[in-house]
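First comes the structure, then the notes that go with it.
The values are calculated or read from the model by the stated rules, or taken from the named source; none is laboratory data. In this text the structure is predicted, and so the values were computed from the model without any measurement. Because the Cβ atoms are built from the backbone with ideal geometry, glycine has one as well, and the counts that use them run over all protein chains shown. Only protein heavy atoms, including side chains, enter the accessible area calculation; ligands, DNA and RNA are left aside. Shrake-Rupley method; radii C 1.70, N 1.55, O 1.52, S 1.80 Å.
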Amino acid sequence: MFPIGLSDPPPVDGVAPVSGRPAWAEVAGAGVTFVRNYTVWTAAGAAEQMVSVMQELNAAVEHGLQVWLALAGVDNDLSQRSLLDRIVNAVKSDPGLGAWKGADEPAHGHVPAAGCVAVYRQVRSLDPDHPVVLIEAPRGPSPNPQSHDTPLTLAAVEPYSAACDIHGIDIYPVSRPPGLHAGGSPVNTDISVVGDMTRLIGRASPGKPIWTTLQVAWSGVVPPHPVVFPTLPQARFMAYDAIVAGAGGLSFFGGQIRAVMNAADRQRGWNWTYWQRVLYPLLQELTDAAHRPALIAPRSPRVIRASASDIGLSAREAGGSLYLIAIRRSPALTGSVRFTGLPVGITSGTVLAHPGGNPARQVRVSGGAFTDPSPFAPHNARVYRFTIP
């Protein structure tokens with residue numbers, strides 16, 4: 001599968017304003033598969049907290065979703081082992097549970113890796129069936145707790161690979177000025193930093209699935225900061241940039257941040273305006289019958305190259321089809337691009353349709369190569385499909 005999550009989702013009892021459907025039925029119908037529950041557990045409040053969690057687990061089953069359940073409050077070490085055990089044992093057999101969320105952004109937060117590893121081993125000893133997911137921040141630990149501009153390094157996140165089954169990163173580069181979430185210059189401040197950070201986590205956890213959490217909103221766009229959201233073209237590029245870099249799942253953070261909502265959405269408790277403008281059309285593309293096979297197909301052993309150095313590529317094969325995901329990572333370059341290394345015998349391919357008035361179209365292939373006649377614009381992404389003879 002290719003998990004697509006919301007962190008956090010709309011209220012479980014909410015209603016989608018345009019369709020009038022129950023909120024969770026709406027998001028599930030658009031291709032969302034995971035919804036995060038970020039409960040900060042306490043010994044005194046655990047019984048009441050569990051009632052709320054069970055309501056979400058039941059709703060998830062009803063709508064064909066799974067809950068990504070945080071262990072916040074008991075995720076750093078085993079000092080509250082009895083509470084950790086109580087939570088895991090109460091939930092581990094529920095069909096609505098999809099994954100556990102371990103310590104949030106542990107490298108940036110100076111959380112000792114040994115404590116995270118101990119929690120991970122305890123959770124997996126109690127529940128061998130559900131993965132533990134760790135999400136890192138795009139900034140490293142800083143000697144000064146008030147500083148947020150320490151670049152993330154491989155050495156900083158590698159120790160946490162032993163504390164999870166799925167490793168990931170959150171990266172929200174759309175801000176004014178751009179790139180603040182990753183600390184600004186000298187780190188890449190272009191939206192292509194999404195791919196940079198995803199690759200870094202992949203190097204830290206070779207062989208493990210990688211999840212990338214993308215932006216709806218975050219603290220850096222909350223007033224008094226300028227309020228700015230990714231556009232559909234930006235969100236689409238960042239999704240494919242992460243996928244080309246190795247992401248095996250995506251999550252979208254910030255739909256629940258009230259400070260950036262309009263008045264109507266505040267009443268509803270979630271950013272339905274952004275959903276309609278950006279997330280809904282993006283998820284329709286990523287999960288439709290044409291694109292979904294490209295996301296879940298295994299990597300191809302074929303070496304396919306592009307004539308431009310700023311083109312990122314991911315080739316996948318399944319069911320007699322070769323899929324080529326191509327992105328232009330440059331914010332400025334444009335022009336036609338030639339691709340080589342396709343199987344000899346392929347004579348044509350299809351550029352899959354995507355939002356913004358881009359219907360499916362054909363490309364001609366000869367001698368294992370083709371030139372897409374449509375210029376590749378900055379931050380564009382295309383998915384090609386070829387039938388292998």
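Brief remarks follow.
- Separation of the Gln55 and Gln267 label points, Cα + 7 Å toward Cβ, nm: 2.2
- Here the Gaussian network model covers the chain, with springs between Cα atoms less than 10 Å apart; of Ala114, Ala30, Ala155, Ala155 fluctuates the most.
- Subtracting the Cα-Cα distance of Val15 and Thr387 from 0.36 nm times their residue separation leaves 129.7 nm of extension gain.
- Full extension of the segment from Ala332 to Asn89, taken as 0.36 nm per residue of separation minus the current Cα-Cα distance, would add 82.2 nm.
- Accessible surface, region 236-389, averaged per residue in Å² (probe 1.4 Å): 41
- Diffusion constant of region 1-140 at 10 °C, which comes from Stokes-Einstein with the Kirkwood Cα-pair radius and 1.306 mPa s, µm²/s: 101
- Relative protection proxy for 265-276, 187-198, 335-346, from highest mean packing down: 187-198, 265-276, 335-346 (other beta-carbon atoms within 10 angstrom).
- Stokes-Einstein diffusion of region 191-279 at 10 °C, 1.306 mPa s viscosity, Kirkwood radius from Cα pairs, rounded to a whole number: 114 µm²/s.
- When the alpha carbon gyration tensor of region 156-210 is reduced to an equivalent ellipsoid, its three semi-axes come out at 24, 10, 9 angstrom, largest first.
- Ordered by solvent-accessible area of protein heavy atoms (1.4 Å probe), largest first, the residues Arg258, Arg139 come out as Arg258, Arg139.
- Summarising the strand pairing of region 1-112, around 10 percent of its internal DSSP beta bridges are antiparallel.
- Within region 13-69, the proportion of Cα pairs with more than 13 Å between them is 62 percent.
- Three-way shape call for region 240-389 based on the alpha-carbon gyration tensor, with the a/c threshold at 1.5: prolate
- Rounded to the nearest 20 debye, dipole of the chain from Cβ charges on Lys, Arg, Asp, Glu: 1180
- Springs join every pair of Cα atoms under 10 Å in this Gaussian network model of the chain, and among Pro331, Pro224, Pro186 the largest mean-square fluctuation is at Pro224.
- Relative contact order (percent, whole number), region 140-261, Cα cutoff 8 Å, 6+ residue spacing: 27
- Relative contact order of the chain, defined on C-alpha pairs under 8 angstrom at six or more residues apart (%): 12
- Whole-angstrom gap from region 193-226 to region 16-42, using each part's C-alpha centre: 21
- Measuring nothing but protein heavy atoms, the accessible surface of region 33-190 at 1.4 Å probe radius is 53 percent carbon and sulfur.
- Across the chain, the convex hull enclosing all Cα atoms gives 145 Å³ per residue.
- Centroid-to-centroid separation of region 73-117 and region 275-293 [C-alpha atoms, Å]: 32
- Residue of Val67, Val35, Val221 that the Gaussian network model of the chain assigns the largest fluctuation, springs spanning Cα pairs under 10 Å: Val221
- Nearest-ten-degree value, helix 46-63 long axis tilted from longest Cα axis of the chain: 30
- The angle separating the long axis of helix 81-91 from the principal Cα axis of greatest extent in the chain is about 60 degrees.
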